[in-house]
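Read the structure below first, then the notes.
Coordinate-derived values only; no laboratory data. What you see is a predicted model; the values in this text were computed from it and never measured. Heads up, the Cβs are rebuilt from the backbone with ideal geometry, glycines too, and the neighbour counts pull from every protein chain shown.
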Amino acid sequence: MEVVHTIPELRAAVARARRAGKTIGLVPTMGCLHAGHLALIQRAKQESGYVVVSIFVNPTQFGPNEDFSKYPRTFDADRAGSQQAGADLIFAPKTEDLYDPDASTHVRVAGISEGLCGEFRPGHFEGVATVVAMLFNVAQADLAVFGRKDLQQLAVIRRMVRDLHIPVRIVAHETVREANGVAMSSRNRYLSVEQLAQAKTIPAAMAAAKALAQTGVTEAVRLRDAAQTVLATQPALKTQYCEIIDLETMAKVTSTAGRKCAIAIACHLGTTRLIDNTDL
């Protein structure tokens, strides 16, 4: 497995792989890889012949009061995990490799990025869309694999790819979970053992809404209330949002009848923000 740090090095490696007849898969990450990330790399390996893993803590997707400076950097472990999962190359650029000092171009996906996390993290999805567009451009991948846990991010990227006619196929991989059902996240390492146990209330709340939906209930208010009732049983969780949404537009719905919907939840547990979702 190669490790490169500059765009010319990355493009040269990708060109060699293409000359060998391989398709290119990309897994964009911010590092601090866990089993969920490794599952994305393995999925990319199944779907393509040459897997590029980008490791870059993107400053433009963090707000002024968020955890950019303390976001875990674990490159040695990330390199070992990526290689074991089947990656062919790690692209680990510096900020100045991607962002010129006078960079003034930003990618904003209107509408779909403005509710849910977008309401509470202004500018976040603009930073995500901009850096992912850069990575698509420099890696020139045939496909890219993203985790389903970041559902709104996935929808934003799909819309960007569609609207800008970017020739990359987006592959969504199901959320990988801890033993107690909590969605895996790099931020889970901030949780104590007690907090990780408390966090299982989030998937339990989603399960309550899904179980009610499977009985034929379509009114969003009833489905949301079922989830919120469960969330309220764990006072350590501070709910930021709990919404029934359309899977394509991310818009809140009043009824799930005749459309593909999900429940999406964001909570704070201590200083750690957790998100999760599931189809209904």
- [ ] Grab the other residues whose beta carbon is less than 13 angstrom from that of residue 259, score K and R as +1, D and E as -1, and report the net.
- [x] -1
- [ ] Using +1 at the Cβ of each Lys and Arg and -1 at the Cβ of each Asp and Glu in the chain, identify which of 44, 137, 75 lies farthest towards the dipole's positive end.
- [x] 44
Task: DSSP beta bridges in the chain [antiparallel fraction, %, rounded to 5] - done: 50 percent
Task: All Cα pairs of the range 186-279, percent lying beyond 19 Å - done: 38 percent
Task: Estimated [θ] at 222 nm from DSSP helical runs (n ≥ 4, -39500 (n - 2.57)) normalised by residues in the chain, nearest 500 - done: -11500 deg cm²/dmol
- [ ] Return an integer: the convex hull volume of the alpha-carbon atoms of the chain, in Å³ per residue.
- [x] 133 Å³
Task: Rounded to whole Hz, the Karplus (6.51, -1.76, 1.60) HN-Hα couplings of the range 39-49, x for glycine and proline - done: 5, 5, 5, 5, 5, 4, 5, 5, 9, 8, x
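Give, rounded to the nearest 20 debye, the magnitude of the charge dipole that the range 120-266 has about its Cα centre when Lys and Arg contribute +1 at Cβ and Asp and Glu contribute -1 at Cβ.
80 debye
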Task: Percentage, to the nearest whole number, of Cα pairs in the range 57-130 over 13 Å apart - done: 74 percent
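Nearest 20 debye, what's the magnitude of the dipole of the chain about its Cα centre given +1 on Lys and Arg Cβ and -1 on Asp and Glu Cβ?
520 debye
Could you give the length gained by full extension between residue 9 and residue 46, i.e. 0.36 nm per residue of separation minus their alpha carbon distance, to one decimal place?
The residue 9-residue 46 span can extend by a further 10.9 nm.
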Task: Listed residues 59, 28, 235, most fluctuating in the chain (Gaussian network, C-alpha, under 10 Å) - done: 235
